[in-house]
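Note sheet for the following structure.
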Amino acid sequence: MNTINRRTILTTGAVALAGATVRSDSADAQVGAKAIFPIGQATIPVVGLKEVFPVRRIYCIGRNYAAHSREMGSDPTREPPFFFQKPTDAIQNVEVGKVADHAYPVLTKNYHYEVELVAALKSGGNNISPDKALDCVYGYALGLDMTRRDLQRAMGDEKKPWEIGKSFDHSAVLGPIHPVSKTGHFTKGAISLAVNGAVKQSSDLKNMIWSVAEQISKLSEAFELKAGDIIYSGTPENVGPVVKGDVLLCKLEGLPDMSIKIV
Ligand code: MN
């Protein structure tokens, strides 16, 4: 972080209040400049801490389990990893031991669940090697990459961006973050999702095509990763639709369950 003065702000074309002191690590983004009105910083609770995890970016990997890749119409043996983002204010935090209401979103008639392991970073960089990548991980959470599948497919068919199918309000559901110091890293373990008591998705993290370490490494070739970034690591096969009234129960070996009700 460096301090820049008002002259610097004016020459970069950004707006700041007269006399405001601006602290920034990016002259373009004016991070830390005094704002004309407040907006919230997205955060995630951390188990065992009063402090929360501040979210900088949400990355998601696509088609990271071979069987899910095939059900989406791809050939997993030939596909390098690819990523998309959700806006940070799409986060819905779900408390352990509660069933959180989750509103069925607008525009869709085919709303899908995708249960996923989520990695939360405490550091980052560019071109991080896979053997150093897990040093960046602060902790892990259980997440749902909720998807308006009909809109995602329609946009894909037209070779347009997925945004409307993936990056809408409340689409990034997740439980609290568990620090690595308490859980260790997740490279294997059962992951599942049930709807109204019937198991729909059931796999093991060892079936991920790209491990969390490899995901971080690959992502860092395209983007500078930083503390506060979180990564949804992909969903197993048998994604499917929900309707209002459905109760979803997500399980990941080593973490508490997470549950939501579609309302
Ligand atoms: Mn997903």
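Of note:
- Mean accessible surface per residue for the chain, computed with a 1.4 Å probe while every protein chain stays in place, in Å²: 50 Å²
- Rounded percent of accessible protein surface that carbon and sulfur make up, region 57-179, 1.4 Å probe: 51 percent
- Taking all C-alpha pairs of the chain, those more than 30 Å from each other amount to 31 percent.
- Exposure rule at most 16 other beta-carbon atoms within 10 Å, DSSP loop GluC sites (Glu not before Pro): the chain longest free segment: 159-223
- Cleavage-rule hits, trypsin sites (Lys or Arg not before Pro), region 171-263, DSSP coil, Cβ neighbours within 10 Å at most 11: Lys244
- Region 48-107 shape via C-alpha gyration tensor axes, a/c threshold 1.5: prolate
- Using R0 = 35 Å, the C-beta based FRET efficiency linking Arg70 and Lys50 works out to 0.20.
- Folded to 0 to 90 degrees: helix 212-222 orientation relative to the chain principal axis, Cα: 40 degrees
- Anisotropy class of region 143-263 from Cα gyration tensor, a/c 1.5 cut: oblate
- Normalised contact order of the chain, rounded percent, pairs of Cα under 8 Å and 6 or more residues apart: 26 percent
- The accessible-area ordering, largest first, of the residues Thr77, Thr88, Thr235, Thr187 stands as Thr77, Thr187, Thr88, Thr235, per a 1.4 angstrom probe.
- P(r) of region 51-185 over all Cα-Cα pairs, binned every 10 Å from zero, in whole percent: 10, 38, 36, 15, 1
- Spatial separation of Cα centroids for region 143-172 and region 193-222, in angstrom: 18 Å
- Cleavage-rule hits, chymotrypsin sites (Phe, Trp or Tyr not before Pro), region 185-237, DSSP coil, Cβ neighbours within 10 Å at most 15: Phe223
- Where only alpha carbons of region 192-263 are counted, the Rg and the Dmax (Å): 15.0, 42
The values are calculated or read from the model by the stated rules, or taken from the named source; none is laboratory data. All values reported here derive from a predicted model rather than from experimental measurement. FYI the Cβ positions are ideal-geometry reconstructions off the backbone, even for glycines, and counts take in every protein chain you see. SASA here: full protein model, heavy atoms, side chains in, ligands and nucleic acids out. Shrake-Rupley method; radii C 1.70, N 1.55, O 1.52, S 1.80 Å.
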